[in-house]
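Structure first, then comments.
The values are calculated or read from the model by the stated rules, or taken from the named source; none is laboratory data. Remember, predicted model here, so these are calculated numbers, not experimental data. Note that we place each Cβ from the backbone using ideal geometry, even for glycine, and neighbour counts take in every protein chain shown.
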């Protein structure tokens, strides 16, 4: 298994890092991708990728942080290029659910991340919430750019998913698919092709059932894998192989 999106630098995980890493390996996780969300947090990501061979990282500015960190395309390229275990750009994107940053600030940041990912030829990890139309409009500008897209913690509509498939996007399922009230999302994942699926915990957030409400950690990914296998009506071990291969195809 591969946890394609976690936040190992978050204090609630970092304070118990050795134990959490041990449990991750015990359940069979072979790679952890620790996602950067702020410029000043990137030093922690660099420390983490040196702690263990299974840990990789990204560089990016979360849309909530767009007003606090106005990072240029060249700065993104420089940060990603600083270490061979930094393998993606993000997380970036648009989130209009909260007003942490203005639409203009988020869009400008998103564009800088997109252009950096294209120049680096690495995957772009996208966060999209209450912004389906705007996300698609921006991505449409890059339809011929061979942009590698990973929709992190995908919670969008079936229509959004079908439109994103036109860009050869990948979709990562999080613990949300295990929630009892996530029927619509489960139905959306039914129509996403197997060769476009990844899994993630987004830990320490969004713990899957039966740990909902508690601190999430990478070892809980087994519950996400099992639920997704049930949704796709496929053997869990087979889906494990598929999602692992998809991650390696996208990032390596």
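List of remarks:
- Residue in the stretch 176-192 that is surrounded by 18 or more Cβ atoms within 10 Å (Cβ to Cβ) and under 28 Å from residue 116 (Cα atoms) present: yes
- Some residue of the stretch 4-20 being under 22 Å from residue 100 (Cα atoms), without any contact (Cβ under 8 Å) to a residue 60 or more places away in the chain and surrounded by fewer than 23 Cβ atoms within 10 Å (Cβ to Cβ): yes
- Condition broken by residue 205, with the remaining ones in (1) closer than 26 Å to residue 131 by Cα; (2) touching a strand residue (DSSP E or B) at 6+ places or on another chain (Cβ under 6 Å); (3) touching a residue at least 60 places away in the same chain (Cβ under 8 Å); (4) not in a strand (DSSP E or B) satisfied: (2)
- Total residues in the stretch 226-252, condition free of Cβ contacts under 8 Å to residues at least 60 places away in the same chain, touching a helix residue (DSSP H, G or I) at 6+ places or on another chain (Cβ under 9 Å) and part of a helix (DSSP H, G or I): 14
- Summed over the stretch 127-173, residues that are within 16 Å of the chain's Cα centre (by Cα), in contact (Cβ under 8 Å) with a residue 40 or more places away in the chain and either farther than 18 Å from residue 249 by Cα or assigned to a strand (DSSP E or B) (or both) total 7.
- Selection status of residue 80, without any contact (Cβ under 8 Å) to a residue 40 or more places away in the chain, within 17 Å of the chain's Cα centre (by Cα) and under 20 Å from residue 248 (Cβ atoms): no
- Test for residue 248: is it under 30 Å from residue 9 (Cβ atoms), modelled with pLDDT of 95 or more and surrounded by fewer than 15 Cβ atoms within 10 Å (Cβ to Cβ): yes
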